[in-house]
Amino acid sequence: MKFKILVIDDEPILRSSLEVALKVAGHDVITAPSGEEGLELFRKERPDLILLDHWLPGMNGGEVLRLIREQDAEVLVIIMTAQGSIELAVNSMKMGAYDFLVKPFDLERLEILVQRALERIRLKKEVEWLRTQYQEKFRAGIIAASREMRDVLDLAEKVAGGSDTTVLIEGETGTGKELLAEYIHFLSPRSAFPFIPLNCGAIPKDLFESELFGYERGAFTGASEKGHIGKVEAAEKGTLFLDEVIDLPLSAQVKVLRVLEEKEYFKIGGREKKTADVRIIAATNKSLDGEVEKGNFRADLFFRLNVVRIVIPPLRVRREDILPLFRFFVERFNEQFSKRFLVIDGEAEAQLLAYPWPGNIREIRNTAERIVLLEKGDTIRGAHLSCLGQGGADREARVRPVALAPQGLVLEEVERHCIREALRLKKGNKVQAAKILGITRSALLYRMDKYGIKAEQE
């Protein structure tokens, strides 16, 4: 990253020496021999860092610093003076100087100070870039035309400020739980640090703890010689998002509880206690209360996760959001596919509003993508949405209740049969098999491993 540095000093030799040294270090350098000229260059060039001599002819460095601060409270300024004193240093710092150098100074001391200042600027620019990326992602906000969704966002915005407060997000598949978790992270004091998602249902149980906490080199047979960084460590100072936390293995639940309560953990095969400075946001598409009653989920972990619970309502109960969401995705795919759909006719709007959207936002996004990609013109018509009716009929056929024999059945056997049948129908293609089962490919791989199922053909 290249930085622009402004040097304001009335000594020609020093000014020239600084210019050469800073240019050799790879920076853009501009210079001024007086405070007045320095202020003019500051307004015109907007440098990242200013080296400012305190004793200048005419307007002195203190006055220049004051005027700079009136126009820009963030730019870093290093004061240089031949008459160093504690009082002058304190006054400069109070006025907003980043640091203070007493002449004569060696270039090594200057380079260290400049590098430290530029590292701070670099981090600030990275934070601003990340914020820009998030703002682009949330540029339309999370669509909230309905009262129900506005209430969800109000609660999310309130809880975001508590950087350590654990949040439990509940909602059906496709309602945008991960997006809401990212939104909370974006608004939080931890937004400059990573947001790390982990789908608890997509990882085999015997690998879960090493994925979450990492492992030391040689921790087990087949372990990498370099060891492995876990998700907790990767999320340091940021947010760890545990998606489908209901699938968190019982063996790992007590260790996650320790992270929440003690802020510490051990890597697999490690003896050194690690500190966990992370915020945890968990999500589930089922009721954790019920799993606690069944003994599948620890009550103490549930209570620790359930500090603030946010329930995202499905689209069928917030119908005011359907058309704004559809228009949002149409606009996005117009841009992606260089199309120009501008209008949704009355028949299409009626169909969109009448459809129950069992797949929620994910389904409405896929519908918009399919129409924009495959159709032509500038108007979305009712005929373009015929797939919704077919999809509904197909779905009804697919979810026809299974007849229960008097002696009952083994649920895992039903799931095993469905997976095998999906793989047979799709000739071993796991992506397509997962699609017709309504799960992700990683979730399918997990279940195949769980039941010892192998695809006959890729």
Seminar exercise, completed: Sole miss for residue 31 among (1) over 18 Å from residue 5 (Cα atoms); (2) in contact (Cβ under 8 Å) with a residue 24 or more places away in the chain is condition (1)
Problem set entry | Those residues of region 161-185 which are crowded, with 20+ Cβ neighbours inside 10 Å and closer than 15 Å to residue 239 by Cβ, in sequence order | 167, 168, 169, 177, 180, 181, 182, 183, 184, 185
Problem set entry | Unmet requirement for residue 372, which otherwise passes all of (1) touching a residue at least 40 places away in the same chain (Cβ under 8 Å); (2) closer than 15 Å to residue 319 by Cα | (2)
Exercise. If you take the residues of region 374-402 that are in a loop (DSSP other than H, G, I, E, B) and among the charged types (D, E, K, R), which of them is modelled with the lowest pLDDT?
Worked result: 400
Exercise. Only one of these conditions is not met by residue 298: (1) surrounded by 17 or more Cβ atoms within 10 Å (Cβ to Cβ); (2) of a type in the set (Lys, Arg); (3) at pLDDT below 90. Which number is it?
Worked result: (3)
Problem set entry | Of all residues in region 301-328 being assigned to a loop (DSSP other than H, G, I, E, B) and surrounded by 17 or more Cβ atoms within 10 Å (Cβ to Cβ), the one that is farthest from the chain's Cα centre (by Cα) | 318
Seminar exercise, completed: Per the filter on region 259-289, residues in contact (Cβ under 8 Å) with a residue 60 or more places away in the chain and assigned to a helix (DSSP H, G or I) are 260, 288
For this session: Could you tell me which of the residues 292, 256 is without any contact (Cβ under 8 Å) to a residue 12 or more places away in the chain and surrounded by 15 or more Cβ atoms within 10 Å (Cβ to Cβ)?
Result: 292
Seminar exercise, completed: Only one of 112, 68 is of a type in the set (Val, Ile, Thr), in the same structural domain as residue 47 (by TED's automatic domain parsing), within 36 Å of the chain's Cα centre (by Cα) and exposed (fewer than 12 other Cβ atoms within 10 Å of the Cβ), namely 112
Exercise. If you scan region 1-55, which residues turn out to be modelled with pLDDT under 90, farther than 14 Å from residue 78 by Cβ and surrounded by 17 or more Cβ atoms within 10 Å (Cβ to Cβ)?
Worked result: none
For this session: Out of the residues in region 349-385 that are charged (D, E, K, R) and either touching a Lys or Arg at 6+ places or on another chain (Cβ under 6 Å) or surrounded by fewer than 16 Cβ atoms within 10 Å (Cβ to Cβ) (or both), state the one that is farthest from residue 438 (Cα to Cα).
Result: 378
Seminar exercise, completed: Picked from region 158-174 (must be outside any helix (DSSP H, G or I) and charged (D, E, K, R)), the residue modelled with the lowest pLDDT is 164
Exercise. Among 219, 192, 234, which is of a type in the set (Gly, Ala, Ser), over 30 Å from residue 366 (Cα atoms), modelled with pLDDT of 90 or more and surrounded by fewer than 18 Cβ atoms within 10 Å (Cβ to Cβ)?
Worked result: 234
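The values are calculated or read from the model by the stated rules, or taken from the named source; none is laboratory data. All figures in this text were calculated on a predicted structure; none of them were measured in a lab. Glycine gets a Cβ as well: all are built from the backbone with ideal geometry, and neighbour counts include every protein chain shown.
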